Amino acid sequence: MAQTEQRPAQRARHRSGILAVVVVAILLLFGVPWWQLVTPWPTPVTAAGTVLFAAVAVAFPFLMFLGHGRSRDWAARVGDTVLGVVWVLFAWSVIGLVPRLFGVDGRIVAAAVLAVAAVLVVWGAYEAMRVPRVRRVDVTLPRLDERLDGTTVVVLADTHFGPIDRARWSARTAAAVNALAPDVVCHAGDIADGSVAARLAQAAPLGTIEAALARVYVTGNHEYFGEAQEWLDHMASLGWEPLHNRHVVVSRGGADLVLAGIDDATALASGLAGHGAQLDAALAGAPAGAPVLLVAHQPRQVVQAAAAGVDLQVSGHTHGGQIWPFHYLVRVDQPTVHGLTRHGETQLYTTRGAGFWGPPLRIFAPSEITLLTLRAPV
């Protein structure tokens with residue numbers, strides 16, 4: 001009985017702790033730019049700016065709740081945009097503290113911060129909405145048969161079809177992938193934020209993507225906010241191979257390459273029946289000695305990949321940080337933010353991803369379609 005009585009109290013304390021963290025985060029996120037940008041000016045300007053900042057700060061959590069908790073796309077668009085703009089203002093307001101410490105007039109610093117932030121927001125919006133550039137990388141795999149030398153693998157990840165209708169962007173991105181004439185295309189998860197029905201038009205161009213050998217897909221963490229199994233089924237209906245803890249084998253000239261995939265690292269905690277990363281199951285029955293390319297959404301899943309002797313893992317999830325300097329926080333949770341890295345005998349390529357989550361901005365973290373060319377050892 002005592003334990004039963006303690007549980008509601010523990011849950012209440014947990015909720016109170018979360019609420020306190022959210023309140024402190026909002027106060028800092030809006031408070032630092034307010035002090036930097038508003039307080040140096042004459043009283044009428046300061047008063048008007050204070051009202052504006054207070055109104056937006058109060059509205060912000062409600063917009064985010066409606067947008068992402070109740071799936072109201074209009075609220076998500078507004079809330080996400082506010083988040084992006086205030087993050088940029090916060091980051092550069094913090095930087096602006098340095099000249100203030102050395103006696104530079106606060107109004108000069110405020111004007112400079114506003115100018116830099118305005119340029120970065122406009123540029124970041126353009127970077128977020130354009131078709132991703134192609135990033136080409138050669139990867140030598142010691143176990144790759146020479147008959148598979150030159151095999152091309154497109155890595156597409158983090159399309160994040162969401163509140164902003166990007167159906168035309170999706171079609172242009174699919175065309176850019178097809179222009180590369182790849183042998184294999186991997187979608188490394190986070191297709192969309194929302195249900196299949198809500199994002200059907202945006203995801204439709206994925207069905208037009210072509211590959212000579214295989215198109216494969218794994219779930220990302222955002223699928224587990226909603227309809228993970230439905231997205232797996234939908235991708236199968238578009239002709240993709242859902243690698244739900246399984247593998248397929250592609251061959252050229254009698255030489256094999258194993259394409260394996262596992263669920264996202266958050267799948268088990270989602271409670272969805274039959275979901276959870278199981279690398280042993282994904283590799284079960286794979287031809288002995290054949291190189292393994294593992295598709296896993298999060299870079300940190302490379303720990304299991306390295307233990308299993310995987311040759312190459314491809315991942316997304318990080319967005320390269322998406323909005324500078326957020327990559328420093330990403331690095332706390334992940335072993336890498338982007339690019340090709342080595343973890344024991346296993347190599348890991350982390351793409352910055354094609355789309356964006358939340359704020360429609362990319363600042364110093366350009367989107368990409370990755371073209372990997374697999375090389376046999378010389």
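Just a few scattered comments:
- In percent, rounded to a whole number, the relative contact order of the chain is 20, using alpha-carbon pairs under 8 Å and six or more apart.
- Scattering curve values for the chain, log₁₀ I(q)/I(0), Debye with Cα scatterers, q = 0.09 Å⁻¹: -0.58
- By the Cα gyration tensor, segment 134-251 has an equivalent ellipsoid whose semi-axes, rounded to whole angstrom, run 26, 16, 12 from largest to smallest.
- Cα convex hull volume per residue for segment 2-128 (Å³): 150
- Rounded to 5, percent antiparallel among DSSP beta bridges of the chain: 35
- Over segment 73-153, the reciprocal of the mean inverse Cα-Cα separation, the Kirkwood hydrodynamic radius, stands at 16.8 Å.
- Taken over segment 298-339, the ratio of Cα radius of gyration to 2.2 N^0.38 Å equals 1.22.
- 195, 170 arranged by Cβ crowding within 10 Å, fewest neighbours leading: 195, 170
- What the Cβ-Cβ distance of residue 172 and residue 236 gives, at R0 = 25 Å and to the nearest 0.05, is a FRET efficiency of 0.55.
- Burial ordering of 104, 155, fewest other beta-carbon atoms within 10 Å first: 104, 155
- Phi-based couplings in Hz for segment 230-235 (Karplus 6.51, -1.76, 1.60; Gly and Pro marked x): 5, 5, 4, 5, 5, 5
- Built amide H within the under 5 Å cut-off of residue 135, gap 5+: 369, 370, 371
- D by Stokes-Einstein for segment 144-185, Kirkwood Rh over Cα pairs, 25 °C, 0.890 mPa s: 201 µm²/s.
- Highest-fluctuation residue, 327, 160, 187 considered, GNM on the chain with Cα pairs under 10 Å: 327
Values in this text are rule-based calculations from the coordinates and carry no lab data. Since the model is a prediction, treat every value here as computed from it, not as a measurement. Ideal geometry is used to build each Cβ from the backbone, glycine not excepted, and the neighbour counts take in all protein chains shown.
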